[in-house]
Structure formats: structure tokens, C-alpha cells
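Notes follow the structure.
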Amino acid sequence: QKEVEQDPGPLSVPEGAIVSLNCTYSNSAFQYFMWYRQYSRKGPELLMYTYSSGNKEDGRFTAQVDKSSKYISLFIRDSQPSDSATYLCAMSEEGAGNMLTFGGGTRLMVKP
Amino acid sequence: DGGITQSPKYLFRKEGQNVTLSCEQNLNHDAMYWYRQDPGQGLRLIYYSQIVNDFQKGDIAEGYSVSREKKESFPLTVTSAQKNPTAFYLCASSIGRAGNYGYTFGSGTRLTVV
């Protein structure tokens with residue numbers, strides 16, 4: 001079993017839909033949680049960053065962390081065709097020397 | 001602007017050839033990483049370096065080599081021992097030695113064996 005699990009998709013939604021992307025993890029020591037967006041043939045870019053539990057909102061994007069369930073989510077409101085990309089979750093433990101552990105990514109397609 | 005520059009964007013390798021992928025950063029980040037990404041797959045760690053003149057093997061280091069002679073530079077050599085090198089290669093860097101603040105990625109190099 002992988003340390004971080006993510007449904008690979010593809011997830012296809014109509015423009016304007018609310019999108020929910022999720023990751024589950026097994027390491028209870030993870031404290032930092034991130035979402036990256038990767039367009040085709042490009043490098044991933046950091047989209048959302050959360051420490052410990054709770055919600056964080058940035059424009060149309062909301063990141064949620066539920067440490068009790070070891071489950072994180074990214075919600076995209078009013079989805080646009082430009083949101084079509086692969087979304088990678090990533091997380092790490094506290095402390096020096098701890099690297100990011102990535103999920104496998106979910107491919108999202110938003111159709112006009 | 002600060003960032004990570006990977007070059008070339010596309011690279012073609014003949015059988016039996018060694019090729020070197022360049023990665024340069026001007027973010028003053030301590031740690032640097034190389035990942036391999038295959039179609040429909042996640043990121044697999046090849047090598048990482050947390051300080052100059054030191055680097056560690058990742059999950060799939062066989063057939064690859066790196067050096068870290070300068071803080072800004074972390075080139076990756078794909079040797080002839082790597083039997084299936086066709087993939088998208090990503091370089092990343094991070095503040096300090098931890099992933100706590102996230103990684104900054106380059107735009108990638110697509111390597112194809114011809």
C-alpha cells in the first residue's frame with residue numbers, strides 16, 4: 001500500500017461545476033499538506049499550502065485537512081476549462097530532512 | 001525573476017549514450033531534487049542533495065548519476081546503464097533541508113531514446 005493514495009481519474013466535469021479532489025494517507029506524522037497543479041508537459045506549481053488540520057481558502061480553491069481521518073481535499077468552485085490539469089497532493093512530516101511524499105495525481109478535465 | 005531553469009526542454013539520446021540534463025536555481029535554496037515522471041504516473045525520486053558536495057540516492061537511482069559542486073547547480077546524467085530512460089524529468093528545490101515549505105519545480109526535460 002502506498003503512503004499517499006490518490007485516484008488517478010480522469011475526472012471529467014462540465015464548466016462551472018464544483019470539483020472535489022482527494023487524497024488519503026497512512027502516516028499520522030504528516031503535518032504539512034500541499035496541492036500542486038501540473039499542466040501537460042510542464043512542471044508542477046504550488047497551488048495550496050496548509051499546516052496541520054483545518055481549511056484554507058484562496059479564491060475559487062479551498063483546501064481541507066482532516067487529520068483524524070487522514071484525508072485531505074481540494075475543492076474548486078466554478079471550474080473553468082483552464083483548470084484542466086493534473087492535481088498532485090503532497091505532504092511531509094515536521095522537521096529537517098523530511099522530504100515531500102507525493103500522491104500519484106488526479107487528471108481533471110473541465111469541458112466547456 | 002527567481003526560479004529553476006532546466007535545459008534542454010527536449011533531448012534525444014541514442015542507445016549507449018550518456019546524456020546530461022541541466023538544472024540551475026537562483027532561489028538560494030539549499031536542497032535540490034530530481035524526479036522522473038512517466039505518462040499517467042506520479043513522481044519518482046531519482047536523487048536528492050540537501051547540501052553542496054553531498055547527495056543521496058532516491059527510489060530509482062540505478063542508471064543515473066549526479067553532482068552538486070555548487071549550490072545553484074544539480075546536473076543529472078542519464079547513463080547507458082539506464083535501460084528505459086524515455087521519460088519526463090523534473091528538477092526541484094526547497095528552502096532548508098525539509099519539504100515543509102514545499103518544492104519549486106523547473107519546467108522539465110523530456111528525454112527520448114531514438
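Miscellaneous remarks
- Anchor B:Lys70: aspartates and glutamates whose Cα lies under 18 Å away (excluding residues fewer than 8 positions away in-chain): B:Glu24, B:Asp30, B:Asp54
- Mean shadow area of the stretch A:1-56, taken as a quarter of the surface of its Cα convex hull (nm²): 5.3
- When you restrict to C-alpha pairs under 8 Å that are six or more residues apart and normalise by the size of chain A, the relative contact order lands at 37 percent.
- The trypsin sites (Lys or Arg not before Pro) found in the stretch B:4-83 that occupy coil by DSSP, while having at most 12 further C-beta atoms within 10 Å, are B:Lys9, B:Lys14, B:Lys83.
- Cα gyration tensor, chain A - rounded (a/c under 1.5), prolate or oblate: prolate
- When +1 charges are put on Lys and Arg Cβ atoms and -1 charges on Asp and Glu Cβ atoms, the dipole computed for chain B relative to its Cα centre reaches about 240 debye.
- B:Asn18-A:Ser40 pseudo-label distance in nm [points 7 Å out on the Cα-to-Cβ vector]: 3.6
- By other beta-carbon atoms within 10 Å, ranking A:Met48, A:Met109 with the fewest at the front produces A:Met109, A:Met48.
- Three principal axis extents of the stretch B:1-64 based on alpha-carbon atoms, in descending order, are 36, 27, 26 Å.
- Set of lysines with alpha-carbon distance to A:Lys56 below 27 Å, sequence-local pairs under 8 removed: A:Lys2, A:Lys42, A:Lys67, A:Lys70, A:Lys111
- Label-to-label distance, nm, for residues given as B:Leu27 and A:Ser73 (7 Å Cα→Cβ offset): 3.0
- Selection from B:Asn18, B:Gly42, B:Ile4, by position along the positive dipole direction of the stretch B:1-49 (Cβ): B:Asn18
- Among B:Tyr35, A:Tyr32, sorting on how many other beta-carbon atoms sit within 10 Å of each Cβ, with the fewest leading, yields A:Tyr32, B:Tyr35.
- Efficiency of FRET between B:Ser7 and B:Asp59 - r from beta-carbon atoms, R0 25 angstrom, step 0.05: 0.50
- Average other protein chain Cβ within 10 Å of Cβ, residues A:27-39: 2
- Stretching B:Asn84 away from B:Arg110 to a fully extended chain increases their span by 8.0 nm, per 0.36 nm per residue minus the current alpha-carbon distance.
- Between the stretch A:31-60 and the stretch B:37-53, the Cα center-to-center distance that results, in Å: 19
- The stretch A:47-60 - phi-based ³J(HN,Hα) in whole Hz, Karplus 6.51/-1.76/1.60, Gly and Pro as x: 9, 9, 9, 9, 10, 6, 8, x, 10, 9, 10, 8, x, 7
- Near-label residues of the stretch B:1-32 by backbone N, under 14 Å of a point 7 Å along Cα→Cβ of B:Thr77: B:17-22
Rule-based calculations on the coordinates, nothing more; no lab input. What you are looking at is a predicted structure, and each value in this text was computed from that prediction instead of being measured. Cβ: placed from backbone, ideal geometry, glycine included. Neighbour counts: every protein chain shown.
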